[in-house]
Amino acid sequence: MNTEYQNAWKTARESAGLTQEAAAELVDVSVKSISYYESGARHMTPQIAAQLADAYRAPWLRNLYCKECPIGCHRNLPTEPTDLRAASIDAQCELRAEEIGRRIDRLMEIARDGKVDVNEMRDFEMICERFREMQHALAKFELLVDMLRK
């Protein structure tokens, strides 16, 4: 478990104004478990991670947990708090209709025959990468909605 991950959970707990004792009580684990989770000595379950993220009012911690998980580590999810201004600027940069239209047109050309040939692979990979970047920008808005609901 990396240091950024460990410190994020501790920082979020402290930002929520909670002691380890209070956090432990909220999610029904021992204080020692909270200490272990924060130090990286023990991995928390997905259920505990979700409960702690909710208790700390820090929905981005769910994404941070996913980055450490072998199932979710390949996803490009926001792992820190965002605000409306930053998310909007990112969206403006990532979600340009004209560019999206060109990418989709090229994707349709590639998909026409039902396969990606050697000459199309580079374009196909670039389109997929661009879609991942767009997905990340949209995920920031989803995270913002979660933060505003808390």
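Report yes if some residue within the stretch 64-72 is touching a Phe, Trp or Tyr at 6+ places or on another chain (Cβ under 6 Å) and of a type in the set (Val, Ile, Thr); otherwise report no.
no
Determine if the stretch 79-89 includes at least one residue that is on the phi < 0 side of the Ramachandran plot and in contact with a Ser or Thr (Cβ under 6 Å, 6 or more places away or on another chain).
No - not one qualifying residue is present in the stretch 79-89.
One line per residue, one yes/no per condition, for (1) among the hydrophobic types (A, V, I, L, M, F, W, C); (2) part of a loop (DSSP other than H, G, I, E, B); (3) touching a residue at least 24 places away in the same chain (Cβ under 8 Å):
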| position | (1), (2), (3) |
| --- | --- |
| Lys67 | no, no, yes |
| Ala86 | yes, no, yes |
| Asp90 | no, no, yes |
| Arg103 | no, no, yes |
| Leu107 | yes, no, no |
| Met126 | yes, no, no |
| Met134 | yes, no, yes |
| Ala139 | yes, no, yes |
| Met147 | yes, no, yes |
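If Ser88 satisfies every condition in (1) assigned by TED's automatic domain parsing to the domain that holds Ala22; (2) surrounded by 13 or more Cβ atoms within 10 Å (Cβ to Cβ); (3) of a type in the set (S, T, N, Q) but one, which is the exception?
Exception for Ser88: condition (1).
Quickly run through the stretch 33-66 and pick out the residues that are β-branched (Val, Ile, Thr) and surrounded by 15 or more Cβ atoms within 10 Å (Cβ to Cβ).
Ile34, Ile48
Take the residues of the stretch 1-38 that are part of a loop (DSSP other than H, G, I, E, B) and over 16 Å from Trp60 (Cβ atoms): which is modelled with the lowest pLDDT?
Met1
Among the residues of the stretch 103-117, is there at least one that is touching a Pro at 6+ places or on another chain (Cβ under 9 Å) and either at pLDDT 80 or above or among the basic types (Lys, Arg) (or both)?
No, there is no match, as no residue in the stretch 103-117 is touching a Pro at 6+ places or on another chain (Cβ under 9 Å) and either at pLDDT 80 or above or among the basic types (Lys, Arg) (or both).
Can you tell me which residue in the stretch 109-131 is nearest to Pro59 (Cα to Cα), limited to those that are surrounded by 13 or more Cβ atoms within 10 Å (Cβ to Cβ) and not aliphatic (A, V, I, L, M)?
By that ranking, first place goes to Phe131.
The values are calculated or read from the model by the stated rules, or taken from the named source; none is laboratory data. Quantities reported herein were computed from a predicted structural model and do not represent experimental measurements. Please note: Cβ atoms are built from the backbone with ideal geometry, for glycine as well, and neighbour counts cover all protein chains shown.
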